[in-house]
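A.B. asks: Would you mind keeping the following structure in view while I ask a few things?
The numbers here are math on the coordinates, done by the rules we state, and not lab data. Please read all numbers here as calculations on a predicted model, not as lab measurements. As a convention, Cβ positions derive from the backbone with ideal geometry for all residues, glycine included, and neighbour counts pool all protein chains shown.
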Amino acid sequence: MKPFYITTPIYYVNDKPHLGTAYATTTADVLRRFHRLFGEDTYFLTGTDEHGQKAQQTAEKRGLTPQQHCDEMVLNFQKAWGAIDIEYDFFFRTTAANHKQVVQRCLQKLFEKGDIYADSYEGWYSVSEEIFYTEKDLVGGKSPTGKEVIKIQEKNYFFKMSKYQQQLIDYINAHPAFIAPDFRKNEVLGFLRQPLGDLCISRPKTRMSWGIEIPFDNAYVTYVWFDALLNYATAVGLEQPGREAEFKKWWVEAGPLHLIGKDILTTHAVYWTTMLFALGLPLPRQIFATGWILNKDNAKMSKSEGDVVSPIDIANLIGLDELRYFLIRDVHLGNDSPFSLELVENRVNSELANNLGNMLSRTTNLVEKFFAGQRPAYLADDEASSALKQMALALPAIVKKEVENMRPSFALEQIVLVLTAANKYLEEKAPWKTAKTDLPSTGHVLAVTLEVLRIAGILLSPVMPRKTKELLSRLGVNEAKWTDLQKWPALAEGSAIQKGEPLFPRLDLNQVKG
Ligand code: MSP
């Protein structure tokens, strides 16, 4: 089976984690957990982008060295991701010693190959975005996204990006799923209709010294994006003697799936891809651009806009797994999506408290009451239980397909549909009534809903690792295993079934807010 390698953008170390970056990281975490559940060998990379003018300036203001500043700020990310159950394999820091070597080796290679040359540069620079603009890019004297720019004129080194323009267009056309969603691919192809300039990849130390030194000119450091993009390859062994097999496995066989925000599409789809062409390396498996989490004014939630919501605070308020569920369920991957407590409340109450939670409570309470907490006998299926069984057994393949197609919200929707059908079955069979007249068929109904709960618990485990662990343990299942999804019934007659506190207490955020 092909291994699976997924990455998040590496976050600017200057910012604090907020709901927007937590969204990106949670999505990657959930996708990786799904692929692991499918039985694939997986690798999940996240980290921080630490060089550049912003970090240097902030460190100066704080009276710290840039490294001290980064060492301190990075803890915010590691703490936040730990608190929301992000299970990365490696946390990348661009200030790591091996990364410096890799970046320098790559620069040297490209220089020797003639793909890097010196030239004088004049243009406009946005410090907050770390991006150069030409005169014609500016809108009202500011960057296209409205950021302040400063005029700059200096000698610099350039990467011959233009040389690879046609190769990139051909590649994108030959690999229709390479840039996703489709409308983003069209955006990139549209961008590539104009002649591509070369990329300025150096900064004179006199202006900015917090970066990786250019190996062939020590008066310069590397442009932060050139350094940052290489993180994805350094992490799995690029240009590091002794790590060739690892690199082959994750870079060549698996090929990274870069989950990024739509605001950094060009840097990935154009800068990064042409860098890889120049280095003679295979392109990623896919570049998938997500939308933004919007604040109540329908604007991008971001640190610099001052409306940050701490993911830890939110998780404390609404529940950690509830937050993870909301982020995956409510956002259609690729589109912008609003966040508000009302939306979370509706989603959690209708699908987790009422639907899943209620079925668990009802089923386990009745098993306790009428069957001494032991799983009742599973009899021959009638029409209703047979229909439900077919639905539940078909679910894993549907979920897998949706996840593979980067539609995790639709995967969850399918699970909810089966839970709704099971709740309807429970309503119609009314085991709380029939227990007095027909205990065996009452037992069958409960054995059926226990199986549905088991399957839902396994399939939801990548999204809600804690809650599903608890759910499954109440059914006596220790581990969420993909192969168990084809067993029906899987729970043994007479096995212990525990009831417990409601798994998903109803949210009443009016109370919380008041
Ligand atoms: N350091 C660069 C990425 C380098 S990758 C080699 C960077 N960092 S960032 O911290 O500004 O943003 C990282 C990612 O977070 C971006 O993909 C961005 O889209 C995403 N998000 C930031 N705010 C967001 C929302 N409000 N909603 C969704 N994603 C958000 O760019």
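A.B. asks: Taking every DSSP beta bridge with both residues inside the chain, roughly what % is antiparallel (nearest 5)?
C.D. replies: Values: 22 of 44 bridges.
Here the antiparallel bridges make up roughly 50 percent for the chain.
A.B. asks: I'd like to know which of Ser386, Pro502, Phe4 lies farthest towards the positive end of the charge dipole of the chain, counting +1 on Cβ of Lys and Arg and -1 on Cβ of Asp and Glu.
C.D. replies: My answer, from the dipole projection, is Ser386.
A.B. asks: While we're on this one: Report, in whole Å, the centroid distance computed from the Cα atoms of the range 161-204 and the range 318-337.
C.D. replies: One Cα centre to the other: 31 Å.
A.B. asks: What is the distance, in nm, between label points placed 7 Å from the Cα along the Cα-to-Cβ direction at Ala245 and at Asp382?
C.D. replies: Rounded to a tenth, the inter-label distance reads 5.9 nm.
A.B. asks: Taking the Cα centre of the range 190-248 as origin and charging only Cβ (+1 Lys, Arg; -1 Asp, Glu), how large is the dipole, in debye to the nearest 20?
C.D. replies: Values: 6 positive and 7 negative charges, 48 e Å.
That gives the range 190-248 a dipole magnitude of about 220 debye.
A.B. asks: How would you rank Arg347, Arg193, going from fewest to most other Cβ atoms within 10 Å of each one's own Cβ?
C.D. replies: Details: Arg347 16, Arg193 8.
Least crowded to most crowded, the residues run Arg193, Arg347.
A.B. asks: I'd like the orientation of helix 320-330 relative to the chain: the angle between its Cα long axis and the longest Cα principal axis, in ° from 0 to 90, rounded to 10.
C.D. replies: Taking the Cα atoms of the chain, the angle to 320-330 is about 80 degrees.
A.B. asks: Now for a separate question. Quote the charge dipole size of the range 148-219 about the Cα centre in Debye, to the nearest 20; the model charges only the Cβ of Lys and Arg (+1) and of Asp and Glu (-1). Numbers along the way, then the final one.
C.D. replies: Details: 10 positive and 8 negative charges, 31 e Å.
Computed about the Cα centre, the dipole is about 140 debye.
A.B. asks: Rounded to the nearest 0.05, what FRET efficiency is calculated for Ala83 and Arg105 with R0 set to 25 Å and r the Cβ-Cβ distance? Provide the component values of the computation, followed by the final result.
C.D. replies: Working: r = 37 Å, r/R0 = 1.46.
The value I calculate is 0.10.
A.B. asks: Picking from Gln108, Ser128, Thr26, whose Cα lies most toward the positive end of the charge dipole for the range 9-151 (charges on Cβ: Lys, Arg +1; Asp, Glu -1)?
C.D. replies: Going by the charge dipole, the pick is Ser128.
A.B. asks: Which order do peptides 215-224, 243-252 fall in by mean Cβ count within 10 Å, highest first?
C.D. replies: 215-224, 243-252
A.B. asks: Charges on Cβ only, +1 for Lys and Arg, -1 for Asp and Glu, centred on the Cα centroid of the chain; of Gln53, Asn295, Thr42, which one is farthest towards the dipole's positive end?
C.D. replies: Thr42
A.B. asks: Modelled label-to-label distance, Thr483 and Ser310, 7 Å Cα→beta-carbon offset: nm?
C.D. replies: Taking the simple label geometry, Thr483 and Ser310 are separated by 4.5 nm.
A.B. asks: Which residues does the label zone of Ser473 cover in the range 480-502, counting backbone N under 20 Å from a point 7 Å along Cα→Cβ?
C.D. replies: 480-482, 491-492, 495-502
A.B. asks: What FRET efficiency, computed as 1/(1 + (r/R0)^6) with R0 = 30 Å and r the Cβ-Cβ distance, is obtained for Ala430 and Asp336, rounded to the nearest 0.05?
C.D. replies: Efficiency computed from Cβ-Cβ geometry: 0.10.
A.B. asks: Another question, if that's okay. I'd like the distance separating the alpha-carbon centroids of the range 438-514 and the range 359-393, in whole Å.
C.D. replies: Cα centroid of the range 438-514 versus Cα centroid of the range 359-393: 11 Å apart.
A.B. asks: Any idea how far apart Ala299 and Asn346 come out in nm if each label point goes 7 Å out from Cα toward Cβ?
C.D. replies: With each label placed 7 Å out from Cα toward Cβ, I get 2.4 nm.
A.B. asks: A follow-up question, please. Could you give the length gained by full extension between Lys205 and Asp508, i.e. 0.36 nm per residue of separation minus their alpha carbon distance, to one decimal place? Kindly include the intermediate steps, with their values, before the conclusion.
C.D. replies: Numbers: separation 303, 0.36 × 303 = 109.08 nm, distance 5.49 nm.
Value of the extension gain: 103.6 nm.
A.B. asks: Follow-up question, since we're still on this one. Note down the magnitude of the dipole of the chain about its Cα centre, charges +1 on Lys and Arg C-beta and -1 on Asp and Glu C-beta and zero elsewhere, to the nearest 20 debye. Numbers along the way, then the final one.
C.D. replies: Working: 59 positive and 62 negative charges, 76 e Å.
Using only the charged Cβ atoms, the result is roughly 360 debye.
A.B. asks: Still on this structure, I have one more. Relative to the compact-globule scaling 2.2 N^0.38 Å, provide the ratio for the alpha-carbon radius of gyration of the range 51-110. Let's see the in-between values first.
C.D. replies: Values: Rg = 14.3 Å, N = 60, 2.2 N^0.38 = 10.4 Å.
For the range 51-110, the normalised Cα radius of gyration is 1.37.
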